[in-house]
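The values are calculated or read from the model by the stated rules, or taken from the named source; none is laboratory data. Fair warning: this is a prediction, and the values are worked out from it, not measured in the lab. Neighbour counts are summed over all protein chains in view; Cβ atoms, including those assigned to glycine, are modelled from backbone coordinates with ideal geometry.
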Amino acid sequence: MHSVQGEDGEALTRRDLLRRGAGGAAALALSGGALGAAASAVAAPARARYALGFTSMTAETRVPALPVDGTIPSWLSGSLLRNGPALFEVGEEAFNHWFDGLAMLHAFSITRGRVGYANRFLRSSAYDAWKQKGKILYSEFGTDPCRSVFSGVSSVPISAPIPNANVSLEAWANGFRAHTEVPIPVRFDPATLATLGVVPGSTGQMGTAHPHGDLVTRERFSYEVSLAPPKTGVRVLVEKAGKVRELAFLASAEPGYMHSFALTPRYVVLFQQPFIVNPGSFVTGPPRPIVEHFRWAGRTQPANVVVIDRHRGGVVRTIELDPFFVFHHVNAYERGGTIVMDVSGHIDSRIIDALYLKNLRRADQRLPAVKLRRLTIDVARGKVQVEQLAAASIELPRVNYGRVNQHAYRYAYGIGQRGPASGFVDQLVKIDVTRGSARLWREAGAYPGEPVFVASPSATREDDGVVLSVVLDARRRTSYLLVLDGRTFEERARATVPHHIPFGFHGIFTKR
């Protein structure tokens, strides 16, 4: 049985499991089959049962019709596009970190209650190196290539002309882009998943994997981090009609790591955590992975909230607060003279170490806790109040973006854990941010990915729609597309893929 539950574990509703289908996720530029190929690289007795999700998949497939159990709403028509790593070793070399594997795009096409599936590797420079030379030739987040094939021994990361964009996806300017934390998006065709080349123009070495698009003003907001002396820091940008304008440059001798940011009708808001880098370390010392140049300085340095005027440009206010670590912002909006900004907050940067593959595959793995935190920012007084909104853990958070982005909202969807003993993500969560309560979806042996909310065309409430998630079924060694009711969080249907899909990160739903 699976159940929809509250935070205290008491079942809110129960229903029988739907039956399964028969078929069984610039010197300093940072670039970002055979199933079971990674198993030999890890001691079998130490492997967790969800470790299949960190096992390579090399086959590119197209399945016109997946077996579907349950009923998919007739109004749901379009494609769920997903991004994430799918190859965790090249020849005899293995990638070190979850963030490093070669990018693969996945598409679940939905029409009239039927579901098709296709997947394809992004044709990055790292992919070409795998196919043509059988080597890891470019620097990734947690993996450094063998420098013996190069003439120098500099610690400078080896850049890729086409980044291994394995993190997120974006639909913008009549096109689709794949992102990593290198500010060079890679274009692709959503129908064929073919790689179409890069979007030029970046001047930074790191950037956001989560740009914001204002659907009313047609503006796109992002940032780039410059790690190349003499001018190091963060450049905040806005793009409209193909023209890019700098809103602010935040100079810093030791820039901090950021993954995302917040947007309101008047402001761009950055959360700068003290996970910092000395740019000089990239040109001194022995070669090492990108992330190993960073260090957590939270014992001696605060975090900063930086408020930037998105219309006039310039920094409005910088406010210090006790440090914690953030990958993902949930939403932000203005309330009187304050900014309300919600994030998935980790205690510190230990989550980075926990996501090394050698740790993730261990049966005794324990992920650090992550909670939904609200920052209420008094811009005029320069004060920030931080509170925890719910007991349930939540990461990879999503909202009904088209309706509530930059506005007051009620519901956040994400992945979470029952508790530390889970080892890895084993439930989906819907949090009511006004009440602090949660509804959960969970099932034995099931490990869900990021939930994507799709609004019903006749929606009258914020949560009228469905939630889509790609779930690993560790018991049957396959994956399936799960369709949940957005309001009740009960299962409506699932479509089973005839193989496993490695754990990915982010996706989007498109009607195009």
Test: residue in segment 335-344 that is of a type in the set (D, E, K, R) and closer than 19 Å to D463 by Cβ: yes
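Report yes if H179 is surrounded by fewer than 24 Cβ atoms within 10 Å (Cβ to Cβ) and closer than 17 Å to G507 by Cα, otherwise no.
On the way: surrounded by fewer than 24 Cβ atoms within 10 Å (Cβ to Cβ): no; closer than 17 Å to G507 by Cα: yes.
Criteria not met by H179.
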Filtered residues of segment 70-91 (kept if assigned to a strand (DSSP E or B), buried (at least 16 other Cβ atoms within 10 Å of the Cβ) and more than 22 Å from the chain's Cα centre (by Cα)): V90
Qualifying residue in segment 313-330 (condition: more than 25 Å from the chain's Cα centre (by Cα) and farther than 16 Å from D378 by Cα): yes
Unique residue being touching a helix residue (DSSP H, G or I) at 6+ places or on another chain (Cβ under 7 Å) and closer than 26 Å to H97 by Cβ when the list is V283, V291, V225: V291
Residue in segment 471-487 that is closer than 16 Å to L428 by Cα, buried (at least 19 other Cβ atoms within 10 Å of the Cβ), within 20 Å of the chain's Cα centre (by Cα) and of a type outside the set (A, V, I, L, M) present: yes
Index of the failed condition, Q272 passing every other in (1) polar (S, T, N, Q); (2) surrounded by 17 or more Cβ atoms within 10 Å (Cβ to Cβ); (3) at pLDDT below 95: (3)
Meets criteria (farther than 17 Å from F54 by Cα and either touching a helix residue (DSSP H, G or I) at 6+ places or on another chain (Cβ under 6 Å) or among the basic types (K, R) (or both)) for R487: yes
Subset of segment 231-243 [of a type in the set (K, R), closer than 18 Å to V315 by Cβ and outside any loop (DSSP other than H, G, I, E, B)]: R235
Residues of segment 222-236 that turn out to be closer than 22 Å to V307 by Cβ and of a type in the set (D, E, K, R), as a count: 2
Residue among L215, L263 that alone is at pLDDT 95 or above and either among the β-branched types (V, I, T) or out of contact with any Leu (no Cβ under 6 Å at 6 or more places or on another chain) (or both): L263
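Would you pick out the residues in segment 315-332 that are of a type in the set (S, T, N, Q) and buried (at least 17 other Cβ atoms within 10 Å of the Cβ)?
N331
Specify the residue that is modelled with the highest pLDDT; the eligible residues are those in segment 392-432 that are of a type in the set (A, V, I, L, M, F, W, C) and part of a helix (DSSP H, G or I). Write out each step before concluding.
Of all residues in segment 392-432, those of a type in the set (A, V, I, L, M, F, W, C) come to 392, 394, 396, 399, 404, 408, 412, 415, 421, 424-425, 428-429, 431.
Add one more test, that the residue is part of a helix (DSSP H, G or I), and what stays is 404, 421.
Details: V404: 97, A421: 79.
Looking at residues that are of a type in the set (A, V, I, L, M, F, W, C) and part of a helix (DSSP H, G or I), I get V404.
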Matching residues in segment 275-324 - criterion: being farther than 24 Å from P145 by Cα and modelled with pLDDT under 95: none
